[in-house]
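S.K.: Pasting in a structure now, in structure tokens, and then I'll have a few things to ask.
Read-outs throughout are calculated quantities, based only on the coordinates presented, and are distinct from any laboratory measurement. Note that the coordinates shown come from a computational prediction; the quantities given were computed from them, not determined experimentally. A quick note on method: Cβ atoms are made from the backbone with ideal geometry, for glycine too, and the neighbour counts reach across all protein chains shown.
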Amino acid sequence: MSDHKEQNLSTENIRDKVIVKTSVIGILVNVLLAAFKAVIGIMSNSIAVLLDAVNNLSDALSSIITIVGTKLAGKLPDKKHPLGYGRIEYLSAMIVSGIVLYAGITAAVESVKKIIEPETPQYSVTSLIIIAVAVLFKIALGRYVKGQGEKVNSGALIASGADALFDAVLSASVLACALIFTFTGYSLEAYVGALISVFIIKAGIEMMVEMVNEILGIRADKEKTSRIKKLLTEEPEVRGAYDLIMYNYGPEKDFASVHLELPDYMTAREIDRLTRRLERKVYRQTGVILAGVGLYSYNTTDDEASVIQKKVHDLVSSYDWCVQMHGFYVDLENKEMSFDVVLSFDIEPTLGVSTIRDELLKLYPEYLIEIAPDVDVSD
């Protein structure tokens, strides 16, 4: 697996450089925009422009947190954390989403204050031009940061980019309010600020929920699991691939375990060669490391075993809460049969297993029946 590790390190280094470079650009642009808007806000007595400047500073802080998170996540594995520090990126993305949420709440509070106690703003042509230019810069920055985040699968960058695009909308609304006030004398900026703050708060909550789900562990991507199973079952010896469980230790750091159904005549040496070949194949084509490969043996020499398997399969499949049956093997001489059942979340595992076993004992009372319940973890 040494070639796997070298390729992993190379990919991670490139990814880290992209994240750091993008974040530094975001910091510089946001600090400049914040400075300009702060000056304009003070000169024009505009709460909306000042809040916009604060948002830019929060974006700069988000970029700093992204850099720190990336550097910490890139630390080499050690004895205490043998699988690395990749999940720190999820924590940094949560902090960024928290900043977005805080900015939205702050904007809402300040906007409501200005609705209750309104102040008359004073805009100059220069200030309007600067705000317009800031909108264009913010749109370009948001698209760039979000695009780079999607390119390297960085939740923190994606969150920062989305926040920048929201800020662009906020700045555009401030500009629209300024133009309306200049030509009509009506000041709407406090109301518009309150409305936009709702969307910012919503975005912050959604980002935070997404990162919490990543930390807790979510169902594996169906496209990826289907591809892995297809790669495994392309081998002529593999009749089925089951119980595929994905373990994520940060962006682009996926491990997995799986059970393969193999014929009962294969030797340990043959199985060893097969599993090593499959580990290399899956990693090269998906980037997923098969950390564990378990085995099921299926009968190949007895027709009676096939008849029993079909009866058992038909019985198990008759229950709606049985998603799948696999790993069936029957020892006709010792009167033993074993198999796994994937149970849906609609039934308690112990109840499901006992129900199936009781029905099978009516058909095969002389058999010792072992049923292993599996969780429906992947498609």
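S.K.: In the range 197-275, what chymotrypsin sites (Phe, Trp or Tyr not before Pro) fall in a loop by DSSP, with at most 13 other Cβ atoms inside 10 Å?
M.R.: Those that pass, being in a loop and sparsely packed, are Tyr265.
S.K.: Here's something else I'd like to know. How far apart, in nm, are the 7 Å Cα→Cβ label points at Glu304 and Leu28?
M.R.: In this crude spin-label approximation the distance works out to 8.0 nm.
S.K.: Of Lys146/Lys281; Lys75/Lys281; Lys229/Lys310; Lys151/Lys253, which pairs sit farther than 21 Å apart, going by alpha carbon to alpha carbon?
M.R.: Table pairs above 21 Å Cα-Cα are Lys146/Lys281; Lys75/Lys281; Lys229/Lys310.
S.K.: Lys/Arg Cβ at +1, Asp/Glu Cβ at -1, dipole of the range 2-216 taken about the Cα centre: which of Tyr123, Val209, Leu72 is farthest positive-ward?
M.R.: Selected residue: Leu72.
S.K.: Within the chain, which whole H helices from DSSP have a Cα span along their axis of at least 30 Å and a mean Kyte-Doolittle hydropathy of -0.5 or more, if any?
M.R.: Both cut-offs are met by 2-44, 47-73, 88-116, 125-152, 155-184, 189-216.
S.K.: Below 8 Å between Cα atoms, with a sequence gap of 6+, how large is the relative contact order for the range 173-278 in percent?
M.R.: 15
S.K.: Using a Debye calculation, one point per C-alpha and no hydration shell, please list log10 I(q)/I(0) for the range 2-216 at q = 0.07, 0.17, 0.18 Å⁻¹ in order.
M.R.: The Cα Debye sum returns log10 ratios of -0.25, -1.07, -1.16.
S.K.: Compare Ile201, Ile180, Ile289 in a GNM of the chain, Cα atoms joined below 10 Å, and give the one with the largest fluctuation.
M.R.: Ile180
S.K.: Helix-only estimate, please: 222 nm mean residue ellipticity of the chain, summing -39500 (n - 2.57) across DSSP H runs of length 4 or more and dividing by its residues, to the nearest 500.
M.R.: -23000 deg cm²/dmol
S.K.: If you don't mind, there's one more thing I want to ask. Average projected area of the Cα convex hull of the chain, in nm²?
M.R.: Its Cα hull, projected and averaged over all orientations, spans 24.4 nm².
S.K.: Something else now. Which percentage, to the nearest 5, of the DSSP beta bridges contained in the range 222-375 is antiparallel?
M.R.: Beta bridges within the range 222-375, antiparallel portion: roughly 45 percent.
S.K.: Measure out, as a whole number of angstrom, how far apart the alpha-carbon centroids of the range 178-231 and the range 76-100 sit.
M.R.: 21
S.K.: Related question: Would you calculate the convex hull of the Cα atoms in the range 222-375 and tell me its volume per residue in Å³?
M.R.: 124
S.K.: Could you put Ser97, Ser378, Ser92 in order, starting from the residue whose Cβ has the fewest other Cβ atoms within 10 Å?
M.R.: Ser378, Ser92, Ser97
S.K.: Here's a follow-up. What percent does the relative contact order of the chain come to when contacts are Cα pairs within less than 8 Å and at least six residues apart?
M.R.: 13
S.K.: Moving on. Would you work out the relative contact order for the range 56-105, in percent, from Cα pairs under 8 angstrom that are 6 or more residues apart?
M.R.: Worked out over the range 56-105, it gives 40 percent.
S.K.: First measure r as the distance between the Cβ atoms of Ser257 and Lys202, then evaluate 1/(1 + (r/R0)^6) with R0 = 45 Å and state the FRET efficiency to the nearest 0.05.
M.R.: For Ser257 and Lys202, the calculated efficiency is 0.75.
S.K.: How much length, in nm to one decimal, is gained on full extension between Lys71 and Val109, taken as 0.36 nm per residue of separation minus their Cα-Cα distance?
M.R.: Using 0.36 nm per residue and subtracting the Cα-Cα distance, I get 10.2 nm.
S.K.: Treat every Asp and Glu Cβ in the chain as -1 and every Lys and Arg Cβ as +1, leave all other atoms uncharged, and give the resulting dipole magnitude about the Cα centre to the nearest 20 debye.
M.R.: Using only the charged Cβ atoms, the result is roughly 2020 debye.
S.K.: Same structure again: Sticking with the crude label model, points 7 Å out along Cα→Cβ, report the distance from Leu195 to Glu370 in nm, one decimal please.
M.R.: Label at Leu195, label at Glu370, 6.7 nm between them.
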